[in-house]
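Each reported figure results from applying straightforward, stated rules to the coordinates on display, with no laboratory input. Quick caveat: nothing in here was measured; it's all calculated off a predicted structure. We place every Cβ from the backbone using ideal geometry, glycine too, and count neighbours over all the protein chains shown.
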Amino acid sequence: MKEKQPTVFIVDDDDGVRASIRLLLKSIGYTATPMASAQEFLSAFDPAQPGCLVLDIRMPGMSGMELQQQLNLRGATLPVIFITGHGDVPMAVEAMQHGAFDFLQKPFRDQDLIDRVQKALKRDQETRTALQKHDQIRQKLESLTPREREVLNLMIKGQQNKVMAAELGLSQRTVEIHRAHVMEKMEAGSVAQLVRMVLDLG
Amino acid sequence: MPSSQLLAVMDAAVDAVVLIDHAGSILAINRSGEQMFGWAPGELVGRNVSELMPEPWRSRHDGFLQRYLETGVSTIIGTGRELQAQRRDGSVFPAHLSVGRVEGIDPPQFVGFIRDTTSLHEHIASVQEQVRRSGDRLMHVSRMATMGEMAAGIAHELNQPLTAIANYARASERFLASPDADLADVREAVSEIAVEALRAGTIIRRLRQLVRGGDDARETADLNEVIEELRVLTVADARMHDTRIRFELQKGLPGVSMHRTQVMQALLNLLRNALEALGGEPPPEREIVVRTTRNADGDCEVAVCDNGPGVAPEILDRMFDPFLTTKKQGTGLGLPMSRTIAQAHGGSVRYEPASPRGACFTLTLPPAGTVP
């Protein structure tokens, strides 16, 4: 799988604010993609694109809050940093309750924005790594036959081969073969590791 | 010649009392009269009474008398009127004159009673000035109240260029600190800083115009231009209320003779009402359209239409009354003030429901040169 470069999306209807944030991020070497409206961002939205979103909370048409809702509905994990005006604290609080990564009040210190963007990008990467790991585990699980799946379920309950054989109506030898296949397909070094993999999926 | 007792009675009067013969010669004048007109005692007797009035009446007075003697018709006897009187030194003062014909004497004699009304006129002028000032004051107070309602939006709007400037400055600093700095980036930042600073300046200039203005002289201005000047503040206010605002300005409108700040105030009131009216609507739906046109009568019109609930039927016939407000912190002066301003410009403000829903307030102003 090709790794995409992270980008910082800036969605703000104010030309000056948007362009200045882009240049500020460029000055520390970040790639930023400025966009003038929430609609523009949504129509170009690619869940596979890593990065974070710097989002103006107040915009005509679709507001920042509404864009956040739309992203939540699509199950997007992109961290959102809200930019708010002076009197917008109650809105910012609401945005945080809906899972915003952080918010900044205008005008903000450049370092505050940079710190938050850095943290948001790190969070995004962690989230993506975790999701990728989950995907891999899920794929491995899907490669198991129904019988192997039954064996795995009993293995993580800590059942002995003898009990499993009785429960599944198989010979102990057959259970042992299934068990080896499960360990092999799941690429697990130990039963403990196997248990953790399955628990990670939640 | 009047008897000495009659002269004593005349001298007791506060007003000037002048007795003249049929040719206009002064037969007698009391002391108050001599003082009022600045003459020494006895000096006026024998002079023509027309010397007590300025031109053009001075030259015409003999003619007036002559005509009365010939026709018996007078426009002044028995009625009295306000006119200008002239002192010996040539200065003119307002006076009230009533004239009577002395009965039983031929050729006729006339008696005039003259009251100096200078202080009365001064009093009237000062009352008028007070009324004008109260009106100006009220207009100012109402405008300040409107500005107060817009403060949050304006503060936000000023914050935008300040934020951009701070970002550009910090970005420049960082670019310059890096060994392989690309000066093109710094140049862009510095040039944008200037743009943003000017933008902040424009907002402040528009603000000052509204805060300070009010005593601006009448001038001929394009309504579209006035709307453009309000645009930055209005858009900021609308943004604060999560409302879209659209401008549909018809080009080539004739100039309107106006007190610019007053017309701005009238428009601001309509715009603010529209924003307030949309408060209960879901934010994505809220929209205001500002449309200028020239109507069938050739007058300029600005319609401010919202897609809110419209004006409630129960206040339809009272909405232009002062102190009627549907806002939590309204003064109730907005609409009446807009209408007063429109009428002072020979125009009007009218209401129509918008289609499919909402309110439309239209300010109509006649083009310059069509109203006195």
Given 20 °C and 1.002 mPa s, how large is the Stokes-Einstein diffusion coefficient of segment B:64-163 in µm²/s, with Rh as the Kirkwood radius over Cα pairs? 112 µm²/s
Are there any GluC sites (Glu not before Pro) in segment B:96-157 that are in a DSSP loop and have at most 16 other Cβ atoms within 10 Å? List them by number. B:Glu103
Scanning chain B for trypsin sites (Lys or Arg not before Pro) in DSSP loops with at most 10 other Cβ atoms within 10 Å, what's the longest stretch left with none? B:1-250
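For segment B:296-347, what mean projected area does the convex hull of the alpha carbons give, in nm²?
Details: hull surface 19.5 nm².
Its Cα hull, projected and averaged over all orientations, spans 4.9 nm².
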Debye sum, Cα scatterers, chain A, no solvent: what log₁₀ I/I(0) at q = 0.13, 0.19 1/Å? -0.74, -1.21
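Which loop-located trypsin sites (Lys or Arg not before Pro) does segment A:117-202 contain, where loop means any DSSP state but H, G, I, E or B and the Cβ has at most 13 other Cβ atoms within 10 Å?
For trypsin sites (Lys or Arg not before Pro) across segment A:117-202 that sit outside H, G, I, E and B with at most 13 neighbouring Cβ atoms in 10 Å, the list reads A:Lys157.
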In terms of the ratio Rg/(2.2 N^0.38 Å) built on C-alpha atoms, what value belongs to segment B:138-233? 1.49
Do the sum for the protein assembly as shown: with -39,500 (n - 2.57) for every DSSP H run of n ≥ 4, divided by all residues, what is the mean residue ellipticity at 222 nm, to the nearest 500 deg cm²/dmol? -16500 deg cm²/dmol
What cysteines in chain B have no other cysteine with a beta carbon less than 4.7 Å from their beta carbon? B:Cys300
Calculated P(r) tail over 15 Å for segment A:101-202, as whole % of Cα pairs: 68 percent
How long are the three semi-axes of the equivalent ellipsoid of segment A:10-67, in whole Å, if each is the root of 5 times an eigenvalue of the C-alpha gyration tensor, listed from largest down? 18, 15, 8
Helix B:223-240 sits at what angle to the longest principal axis of chain B, using alpha carbons and giving 0 to 90 degrees rounded to 10? 50 degrees
Where the convex hull is taken over the Cα atoms of the protein assembly as shown, what is its projected area averaged over directions, in nm²? 47.3 nm²
Per-residue average of Cβ from other chains inside 10 Å of A:21-30: 6
A:Lys119: which aspartates and glutamates have alpha carbons under 17 Å from its alpha carbon, excluding same-chain residues fewer than 8 sequence positions away? A:Asp102, A:Asp110
Once both axes come from the Cα atoms, what is the angle between helix A:15-27 and the longest principal axis of chain A, in degrees from 0 to 90, rounded to 10? 60 degrees
Quick shape summary for segment A:26-127, equivalent ellipsoid via Cα gyration tensor, semi-axes whole Å in descending order, reads 18, 18, 14
